[in-house]
Amino acid sequence: LQGLYSYSGGAYYRKSFNLTKEQIKTKVILDLGEVVSSIELKVNGNFVGIKVAPAWKFDITDFVVEGKND
């Protein structure tokens, strides 16, 4: 509970992106660059995972589709 004294709240980010049929034939890695704290990732409404330390990369191959992704 000591960590809650410095907790400043969470943030929600959303991004849409398009992938071609060719792009989803290979492994699709999402690199979030630098994250300050931790992340819970969902792709197309599906839970992908949680990370609390670098590297901020997720294999999202099983969660993406051809066309629009969220």
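Every number in this text was worked out from the coordinates using simple rules, so none of it is lab data. In this text the structure is predicted, and so the values were computed from the model without any measurement. Using ideal geometry, Cβ is built from the backbone for each residue, glycine included, and neighbour counts are taken over all protein chains shown.
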Next item on the list: List, in order, the whole-Hz ³J(HN,Hα) value for each residue of the range 51-66 obtained from phi through the Karplus relation with A = 6.51, B = -1.76, C = 1.60 and θ = phi - 60°; use x for Gly and Pro.
Entry: 10, 10, 7, x, 7, 8, 10, 10, 7, 10, 3, 6, 10, 9, 10, 5
Notebook entry, point to check: Tell me, in nm to one decimal, what length is gained between Ser37 and Thr20 on full extension, where the rule is 0.36 nm per residue of separation less the Cα-Cα distance?
Noted result: 2.9 nm
Item checked: Segments 26-36, 59-69 sorted - mean Cβ within 10 Å per residue, highest first -> 59-69, 26-36
Check: Lysine pairs in the chain with alpha-carbon atoms under 18 Å apart, 8 or more places apart or on different chains: how many are there?
Finding: 11
Check: Please report, for the Cα atoms of the chain, the Rg to one decimal and the Dmax as a whole number; what are they, in angstrom?
Finding: 14.4, 49
Notebook entry, point to check: Which whole-number percent is the relative contact order of the chain (Cα, under 8 Å, 6+ apart)?
Noted result: 40 percent
Check: How high is the FRET efficiency between Asp70 and Ile50 when r is their beta carbon distance and R₀ equals 22 Å, given to the nearest 0.05?
Finding: 0.75
Item checked: For the range 33-38, 3J(HN,Hα) per residue [Karplus equation, 6.51 cos²θ - 1.76 cosθ + 1.60, θ = phi - 60°, Hz, x = Gly/Pro] -> x, 10, 10, 7, 10, 8
